[in-house]
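One structure is given here, and the rest of the page talks about it.
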Amino acid sequence: MKLYHSPKAPNPERVVHFLRVKGKLDAVEVSELSIMEQEHRTAEYRELSPFAQVPVLVLDDGTCITESRAICTYFEGLYPEPNLMGETPKEKALIEMWDRRVELMFFIQFATWFRNAHPAMAPLEQPQSPEAAAKGERNAKSFVKRLDAHLGEHEFVAADRFSIADITLYVACGFCAVMRWFPHKELENLGAWRERMKALGFAG
């Protein structure tokens, strides 16, 4: 298997962290490419990922899987332990619910802010929209406050156990640094959760 990865980009990092927790990062060949240099938009790469998405997982039979959540689902089935997506139907539903909330209400909203406001993204986001940036920023900051309240009553994001939802949140919080926003430093419960993540081996 071959995993196309772009270091520091949040979606590829989500998969890499997932594999590290599984202890299976060495089970794939990792090939790095640069999004900022638009290596993901080459004709050669689009043969693997038609929508120019990173990451992409190429299986031994040539099958290509994009979407970081789908890639993680594949690895969950291939390497079921430690379980990161739920054991029971209830756990699976709660974990997916919160994982999607973090992704759609926080990560994607922040990405909209970043892509439309950061000067470095101007070549990739044409034209940038100040209105979209402002809306993305507002939505991301609104959700993270609600998430902070949730974490005041729960040790982890979903189903009262460590899961992919925590990995998604960890990556999203780290991504916020590109806009010099550090929600885990502003919000007490989110900060305490991040300390728990560090105790599990995630870098500060």
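Key figures for this structure:
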| item | result |
| --- | --- |
| Selected residue [farther than 24 Å from I164 by Cα, outside any loop (DSSP other than H, G, I, E, B) and touching a residue at least 60 places away in the same chain (Cβ under 8 Å)] from A111, A120 | A120 |
| Residue within the range 78-88 that is more than 14 Å from the chain's Cα centre (by Cα) and outside any loop (DSSP other than H, G, I, E, B) present | yes |
| Residue, surrounded by the fewest Cβ atoms within 10 Å (Cβ to Cβ), within the range 56-102, restricted to residues that are in contact with a strand residue (DSSP E or B) (Cβ under 8 Å, 6 or more places away or on another chain) and under 14 Å from A159 (Cβ atoms) | M97 |
| Failed criterion for R100 (all others in (1) charged (D, E, K, R); (2) at pLDDT 95 or above; (3) not in a helix (DSSP H, G or I) hold) | (3) |
| Qualifying residue in the range 169-179 (condition: buried (at least 21 other Cβ atoms within 10 Å of the Cβ), assigned to a loop (DSSP other than H, G, I, E, B) and not assigned by TED's automatic domain parsing to the domain that holds C72) | no |
| Matching residues, the range 84-95, being free of Cβ contacts under 8 Å to residues at least 24 places away in the same chain and not hydrophobic (A, V, I, L, M, F, W, C) | E87, T88, P89, K92 |
| Lone qualifier among V144, V157, V178 - being in contact with a Ser or Thr (Cβ under 9 Å, 6 or more places away or on another chain) and closer than 28 Å to A199 by Cβ | V157 |
| Filter result (touching an Asp or Glu at 6+ places or on another chain (Cβ under 9 Å) and small (G, A, S)) within the range 69-97 | G86 |
| Members of the range 136-180 that are touching a residue at least 60 places away in the same chain (Cβ under 8 Å) and not small (G, A, S) | R161, F162, I164, I167, T168, L169, Y170, V171, F175, C176, V178, M179 |
| The range 79-107, residues that are among the aliphatic types (A, V, I, L, M) and out of contact with any helix residue (DSSP H, G or I) (no Cβ under 8 Å at 6 or more places or on another chain) | A93, L94, M97, L104 |
| The range 110-160, subset farther than 29 Å from L200 by Cβ and among the acidic types (D, E), residue surrounded by the most Cβ atoms within 10 Å (Cβ to Cβ) | E137 |
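The values are calculated or read from the model by the stated rules, or taken from the named source; none is laboratory data. Every value quoted in this text rests on a predicted model; they were computed, and no experiment measured them. Here the Cβ is made from the backbone with ideal geometry for all residues, glycine too, and neighbour counts use every protein chain on show.
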